[in-house]
Amino acid sequence: WHPESPNVNNFNIKDSEGYYISIVVPPIGSTLSIIGLPYTESVPLNFAPGWNLISVPFTTPVEGYTAQTLAQAISGQGGQVNLIRRWDANLQAYVTWRPASPNVNNFAIEPNQGYLIYMSNSVSGFLP
């Protein structure tokens with residue numbers, strides 16, 4: 001979707017799908033607010049082989065959930081995670097966790113943040 005052609009590729013936002021939003025030149029100090037209703041229960045996530053953009057909308061805080069423990073939970077449901085990435089706004093770069101080096105970049109998984117997960121296979125109905 002593009003503001004110069006608002007009727008082209010206008011689609012509904014769906015649960016359990018991730019979206020990139022590109023802001024070309026945001027005003028300094030600005031914040032993007034998205035209005036909607038909060039989740040009241042867990043949303044099952046479906047993973048496909050390749051890149052998956054997800055958020056983990058916890059209904060209760062999860063203490064100590066990290067990239068490694070998220071990958072372990074997905075593996076426990078039959079998934080094979082190759083890597084997990086998050087955007088670091090301070091570094092202006094992606095930070096990547098890999099199972100081959102599980103203690104390197106083992107960042108905390110935070111509620112309602114976006115993560116890119118690269119999978120070798122499909123997993124349906126994953127509940128974090």
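The values are calculated or read from the model by the stated rules, or taken from the named source; none is laboratory data. Not measured: the values here are computed from a predicted model. Note: ideal-geometry Cβ built from the backbone for every residue, glycine included; neighbour counts use all protein chains shown. Accessible surface areas use protein heavy atoms only, side chains included; no ligands, DNA or RNA. Shrake-Rupley method; radii C 1.70, N 1.55, O 1.52, S 1.80 Å.
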So if the hydrodynamic radius of the stretch 15-56 is defined as the Kirkwood radius over C-alpha pairs, what does Stokes-Einstein give as its diffusion coefficient at 37 °C and 0.692 mPa s, in µm² per second? 246
Using only Cα atoms, find the angle between the long axis of helix 67-76 and the longest principal axis of the chain, and express it within 0 to 90 degrees, rounded to the nearest 10. 70
Compare the Cα positions of PRO102, ASN52, SER22 along the charge dipole of the chain (+1 at Cβ of Lys, Arg; -1 at Cβ of Asp, Glu; about the Cα centre) and return the one farthest towards the positive end. PRO102
Average accessible area per residue (Å²) across the chain - probe 1.4 Å, nucleic acids and ligands excluded: 71
Quick check: residue separation of GLU110 and SER122 times 0.36 nm, minus the Cα distance between them. What number comes out in nm? 2.0 nm
Tell me, what is the FRET efficiency for GLN80 and ASN12 to the nearest 0.05, using R0 = 35 angstrom and their Cβ-Cβ distance as r? 0.65
Out of the total accessible area of the chain (probe 1.4 Å, heavy atoms of protein only), what percent is carbon and sulfur? 52
Mean shadow area (nm²) of the C-alpha convex hull around the chain is 9.5
Given just the C-alpha atoms of the stretch 86-125, how large is their convex hull per residue in cubic angstrom? 103
Can you tell me the FRET efficiency between SER33 and ALA73 if r is taken as the Cβ-Cβ distance and R0 is 35 Å, rounded to the nearest 0.05? 0.70
Only four residue types carry charge here, +1 at the Cβ of Lys and Arg and -1 at the Cβ of Asp and Glu. Report the dipole size of the chain about the Cα centre in Debye, rounded to the nearest 20. 280
